[in-house]
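The values are calculated or read from the model by the stated rules, or taken from the named source; none is laboratory data. The shown structure was predicted, so the numbers you read here are calculated from the model rather than taken from an experiment. Neighbour counts run over all protein chains shown; Cβ positions are idealised from the backbone, glycine included. Keep in mind that these areas ignore ligands, DNA and RNA; they rest on the heavy atoms of the full protein, side chains included. Shrake-Rupley method; radii C 1.70, N 1.55, O 1.52, S 1.80 Å.
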Amino acid sequence: MKPQDLLVALHFASRQEPRGPVTYADLGRALGISHGEAHNAHRRAALAGLVRSPTSSDVHRAALYEFLVHGVRYVFPPVRGAPGRGLPTAHSAPALAQELAGDNLPIVWPWARGEVYGETLKPIYRSVPEAASKDARLYQALALVDALRVGRARERSLACDHLRKLLRLPEPKHSPEGATDEP
């Protein structure tokens with residue numbers, strides 16, 4: 001799996017509704033990758049089970065959620081850098097910043113057009129800041145993924161809740177302590 005595979009799956013998953021057939025040229029432009037990279041990433045995302053088929057933009061949402069929650073920080077470990085200007089991500093991005101107040105330096109993707117100064121975090125793919133700046137829902141998804149990669153327990157828990165909503169997955173069923181589903 002390559003980072004652009006996840007970028008493609010998140011792009012498809014973050015769309016409000018299916019927008020019909022996607023051309024690889026359009027997908028590449030939206031994500032800042034070549035149409036060849038878009039094609040290959042789509043194919044690999046399908047092979048990994050994140051997208052239902054290499055000819056569909058239908059995402060296997062439960063599989064994507066499971067991978068994000070349990071595997072993304074191991075497959076794409078965070079790489080932090082020196083403070084600099086960029087686009088806020090993780091718990092510093094709008095999706096979580098309202099719920100998590102803190103005095104720490106914000107976490108940002110390094111980006112020349114960024115207006116926030118903070119600790120830099122290398123994005124999962126080089127075109128992420130540009131792609132996120134064009135698509136608010138993709139930005140939200142990518143920032144939540146970073147919260148899973150670098151966050152503490154509270155940040156990760158909130159990111160999971162937000163991702164579940166973004167991916168339109170049902171709420172988990174909790175049973176009272178000691179209760180079982182068996183008769």
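Looking only at the range 63-76, decide whether some residue is part of a loop (DSSP other than H, G, I, E, B), in contact with a helix residue (DSSP H, G or I) (Cβ under 7 Å, 6 or more places away or on another chain), in contact (Cβ under 8 Å) with a residue 12 or more places away in the chain and at negative phi. Checked against the condition, which is being part of a loop (DSSP other than H, G, I, E, B), in contact with a helix residue (DSSP H, G or I) (Cβ under 7 Å, 6 or more places away or on another chain), in contact (Cβ under 8 Å) with a residue 12 or more places away in the chain and at negative phi, the range 63-76 yields at least one hit.
Number of residues in the range 128-149 that are open to solvent by 10 Å² or more (accessible area, probe 1.4 Å) and either of a type outside the set (A, V, I, L, M) or at positive phi (or both) equals 8. Within the range 26-43, the only residue that satisfies the criterion of being of a type in the set (Asp, Glu) and either closer than 11 Å to LEU138 by Cβ or modelled with pLDDT under 95 (or both) is ASP26. Restricting attention to the range 9-25, the residues that are open to solvent by less than 100 Å² (accessible area, probe 1.4 Å), in a loop (DSSP other than H, G, I, E, B) and at pLDDT 70 or above total 3.
Within the range 80-176, which helices (runs of 4 or more DSSP H) (wholly inside it) include 3 or more residues that are out of contact with any helix residue (DSSP H, G or I) (no Cβ under 9 Å at 6 or more places or on another chain)?
On the way: elements: 94-97, 128-134, 136-150, 153-166.
The helices (runs of 4 or more DSSP H) meeting that bar are 153-166.
Annotation for the range 38-59: at least one member residue is surrounded by 18 or more Cβ atoms within 10 Å (Cβ to Cβ), in contact with a Ser or Thr (Cβ under 6 Å, 6 or more places away or on another chain) and within 18 Å of GLN4 (Cα to Cα). Among the residues examined, LYS173 does not qualify as open to solvent by 60 Å² or more (accessible area, probe 1.4 Å), modelled with pLDDT of 95 or more and over 13 Å from the mean Cα position of the chain (by Cα).
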